[in-house]
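Notes to accompany the following structure.
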Amino acid sequence: MSVRKSEAICRSCGHVHEGNGNHLYDYVNEVDEELTCQICLQPLVNPLDTKCGHTFCARCIRGFLKMKKMCPIDRLALTIRDCRTASIMVQKLLDKLVVYCPNNEKCSETMQRSDLEAHLIHRCKGTTVRCLRAPAGCRFKGTPTALKEHMQKCTYKHTISIDGTKNRLYRARGHLRLAQGDDSNCASIRDMRQVRTPVTCITAIPRLPVLEGEITTIEVRKSSQSEHLGISVVGGCETPLVSMIVQEVFSSGAIATDGRIGPGDQILEVNGEDLRELTHHQACRVLRKPCPLLRLTILRERVAEERNTGAEVQDTIRVELTKTSGEQLGIRIAGLQGTTGVCVRDLVEGGLAATDGRLRPRDVILEINGQDMRQATSEQAAELIQASVEKVDFVVSRPRRPQPPDLIKGMLEADTSAKTPEDSRPPSFQDKLISIRKNARESLGISVAGGRAGTRGDVPVFVTNVQPDGCLGGNGQLKKGDILVSINGTTLVGLTHEEAVGVLRASALSQCILLRAMAPARDGDSDEEEEDDFDEEDPTTGKTPSWIMWMRLPEICQVPKSVQLERGQSGSLGFSIVGGCDGIHGKQPILVKSIVPGGSADRDGRLRCGDLILSANGHLMTSISHTMSVTLLKRLQGSVMLAVVSWPGTML
């Protein structure tokens, strides 16, 4: 079979198609037209729903919208952000479609579409795999069983070690890279590329480590299709984090069993589906799809602590001033204090340099007309300027940030006084007051979870169940997921779970109940939208609100905590931030994006990816730009006290 270089047999569907094309399947029965994409006219693959009610293959609609920003059917305006993953019901119907094994010459089995990939990798009699040392030149092809026998006697086993005892071969960002080791007997990377042949068979991805600063694709196997991943995630394209980031890895679950993914890792793709253009809810739905095997593309950013030597970052600027007959530049030059070199002392008002405006007092002069001034005196610099007849070329340096000791105060005043774009979106929560009269012996008929210092952090008290025939459930005003703010004038925010339950029970003895609650604002009565607002079922608390739902809570429901950090030897606090009032999507909160391993924040252990920073040493960070936030954190001396809201990530 002839296979073009840009094509290969797909390990997921077993057919040859373009690398960016849809999977192809041989269906046993005719597929219902309702499950067919109206662009490719094939059964849907990774379906996306449009806001106008149509469903297409993800790759089909993405490709179409790159050319025309409208729905292919009704021609209404449409962008990829208006699309969302199809309902679980549609996905399950597609997964249950029965297909033939593509290796029909040696295998006659049929199976559900969702089971095909696992069948091709582990059970198919017709699957052909390459030797794992094929990049070094081994040309073996055979069944998975034959591969195990071949690996024991492969003649290339001393060239590249699979177990890491000699050179290790990694595949990262689409190219080969040899890890450091003895390569005296190894072919060069260029030689390896020359001996490689186009892939014409299904190959298993070797077990690669997740490397810092690299994009790595790994496979995570699940004991069953319904096994939880055992992680919590934050982020989404609608947040400052943009990517989906792992916040926690729990002790049980597929990710912990695999052992390669850790907190702070970014999940870029899942089984070929790009998460970077999906909202938090959409990405979570993709990650929750039942499947025995997950192919994850992971980015672990290279985050190193910044070396704070006390020196500012310097900008280098070239300035050319042209003289006219008899005109002076109007520059006074002085030597630098405590070192060699010269600087601009001041500018004569009305002079050529002052009028030009590019030179400033205290600029350090590096060159004049191409001559190095870093060891020069002020007299030598003056002579060069006076000797220039027509023009003078300066190269100067100046600090990127201003130097006055009251920088922070001035910076904050200037930044908070600037007008920032207001968030035009409707409120995410609606405040409601529920007033009822009841029998003094009658219970409230609700179950609650959450509270300060709970198993998943400091969260408000929320409703997990409402008895339909209870005094609060009878009128339908209180629903599962509502946040409880106060009851009969007693606040519930900031209380532990036990304290909140005590207040609720005491209030239940009263015949009049006035309950204040925050309810998620939804466009309609969509069960799927309501389901998105909650995590997977937790064995101790039931379903809990998702991270994005916590993030949308109004300030009255926040439970801030204080985190005091000491700067490390490098002067860094050991974490990076994103967000600010100058974001491309308008005003956004300042969030922790990553934690430096071994840094101050990592050693303290209380900051997590996705945490919301309200202030630092009393300076508010809710209405300043990203640049000003970074500058503020770097300028604060000694211990830094952060006010942080730490919402738990969405559990998967």
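The values are calculated or read from the model by the stated rules, or taken from the named source; none is laboratory data. Fair warning: this is a prediction, and the values are worked out from it, not measured in the lab. Ideal geometry is used to build each Cβ from the backbone, glycine not excepted, and the neighbour counts take in all protein chains shown.
Table: residues versus (1) of a type outside the set (Phe, Trp, Tyr); (2) more than 47 Å from the chain's Cα centre (by Cα); (3) farther than 13 Å from Ser397 by Cβ.
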site: Ile317; (1), (2), (3): yes, no, no
site: Leu321; (1), (2), (3): yes, yes, yes
site: Thr324; (1), (2), (3): yes, yes, yes
site: Glu327; (1), (2), (3): yes, yes, yes
site: Gly357; (1), (2), (3): yes, no, yes
site: Arg362; (1), (2), (3): yes, no, no
site: Glu367; (1), (2), (3): yes, no, no
site: Gln375; (1), (2), (3): yes, yes, yes
site: Ala381; (1), (2), (3): yes, yes, yes
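Taking the conditions exactly as written (on the phi < 0 side of the Ramachandran plot and buried (at least 18 other Cβ atoms within 10 Å of the Cβ)), does Ala283 satisfy them or not?
yes
I'd like to check something: does the stretch 314-323 contain any residue that is modelled with pLDDT under 85 and not in a strand (DSSP E or B)?
The answer is yes, given that some residue of the stretch 314-323 is modelled with pLDDT under 85 and not in a strand (DSSP E or B).
For Gly474, indicate whether it is more than 37 Å from the chain's Cα centre (by Cα), more than 30 Å from Leu607 (Cβ to Cβ), modelled with pLDDT of 85 or more and outside the structural domain of Ser243 (by TED's automatic domain parsing).
Taking the combined requirement at face value, the residue does not satisfy it.
With the structure loaded, tell me whether Val559 is over 28 Å from Asp482 (Cβ atoms) and either without any contact (Cβ under 8 Å) to a residue 40 or more places away in the chain or surrounded by fewer than 21 Cβ atoms within 10 Å (Cβ to Cβ) (or both) or whether it fails that test.
no
Looking at the stretch 302-311, is at least one residue out of contact with any Lys or Arg (no Cβ under 8 Å at 6 or more places or on another chain) and modelled with pLDDT of 85 or more?
No, the stretch 302-311 contains no residue that is out of contact with any Lys or Arg (no Cβ under 8 Å at 6 or more places or on another chain) and modelled with pLDDT of 85 or more.
Restricting the search to the stretch 221-247, which residues are in contact with a strand residue (DSSP E or B) (Cβ under 6 Å, 6 or more places away or on another chain) and surrounded by fewer than 18 Cβ atoms within 10 Å (Cβ to Cβ)?
Of everything in the stretch 221-247, just one residue is in contact with a strand residue (DSSP E or B) (Cβ under 6 Å, 6 or more places away or on another chain) and surrounded by fewer than 18 Cβ atoms within 10 Å (Cβ to Cβ), namely Arg221.
Results for (1) modelled with pLDDT under 70; (2) on the phi > 0 side of the Ramachandran plot; (3) crowded, with 18+ Cβ neighbours inside 10 Å, shown as yes or no for each residue.
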{"residue": "Leu94", "(1), (2), (3)": "no, no, yes"}
{"residue": "Asn104", "(1), (2), (3)": "no, no, no"}
{"residue": "Gln112", "(1), (2), (3)": "no, no, no"}
{"residue": "Arg133", "(1), (2), (3)": "yes, no, yes"}
{"residue": "Gln152", "(1), (2), (3)": "no, no, no"}
{"residue": "Arg173", "(1), (2), (3)": "yes, yes, no"}
{"residue": "Arg177", "(1), (2), (3)": "yes, no, no"}
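Can you tell me which residue is surrounded by the most Cβ atoms within 10 Å (Cβ to Cβ) among those in the stretch 380-400 that are at pLDDT below 85 and more than 10 Å from Leu329 (Cβ to Cβ)?
Checking each candidate, the answer is Arg398.
Go through the stretch 46-60 residue by residue and tally those that are on the phi > 0 side of the Ramachandran plot and either in a helix (DSSP H, G or I) or of a type in the set (Gly, Ala, Ser) (or both).
So the count comes out to 1.
For the list (1) under 22 Å from Thr239 (Cα atoms); (2) hydrophobic (A, V, I, L, M, F, W, C); (3) modelled with pLDDT of 90 or more, I need the number of the one condition that Val640 fails.
(1)
Go through (1) of a type in the set (Val, Ile, Thr); (2) in contact with a Pro (Cβ under 6 Å, 6 or more places away or on another chain); (3) over 14 Å from Asp431 (Cα atoms) and name the single condition Thr491 misses.
It fails just one condition, (2).
Could you tell me which of the residues Gly230, Gly253, Gly264 is farther than 26 Å from Ser428 by Cα, touching a Cys at 6+ places or on another chain (Cβ under 7 Å) and not polar (S, T, N, Q)?
Gly264
For the stretch 61-102, how many residues are in a helix (DSSP H, G or I) and over 19 Å from Arg285 (Cβ atoms)?
5
Taking the stretch 544-572, which residues are modelled with pLDDT of 90 or more and out of contact with any strand residue (DSSP E or B) (no Cβ under 8 Å at 6 or more places or on another chain)?
Matches in the stretch 544-572: none.
Collect the residues in the stretch 246-292 that are in a helix (DSSP H, G or I) and within 13 Å of the chain's Cα centre (by Cα), keeping them in residue-number order.
Selection gives His280, Ala283, Cys284.
For residues that are out of contact with any Asp or Glu (no Cβ under 9 Å at 6 or more places or on another chain), under 30 Å from Ser623 (Cβ atoms) and not in a strand (DSSP E or B), scanning just the stretch 427-458, find the one that is modelled with the highest pLDDT.
Ser428
Could you count how many residues in the stretch 32-45 are outside any strand (DSSP E or B), touching a Ser or Thr at 6+ places or on another chain (Cβ under 8 Å) and more than 17 Å from Asp74 (Cα to Cα)?
So the count comes out to 2.
Would you please name the residue that is farthest from Ile317 (Cα to Cα), looking only at residues in the stretch 367-403 that are part of a strand (DSSP E or B) and in contact with a Ser or Thr (Cβ under 6 Å, 6 or more places away or on another chain)?
Lys391
Would you call Thr55 touching a strand residue (DSSP E or B) at 6+ places or on another chain (Cβ under 6 Å), of a type in the set (Ser, Thr, Tyr) and surrounded by 15 or more Cβ atoms within 10 Å (Cβ to Cβ)?
Criteria met by Thr55.
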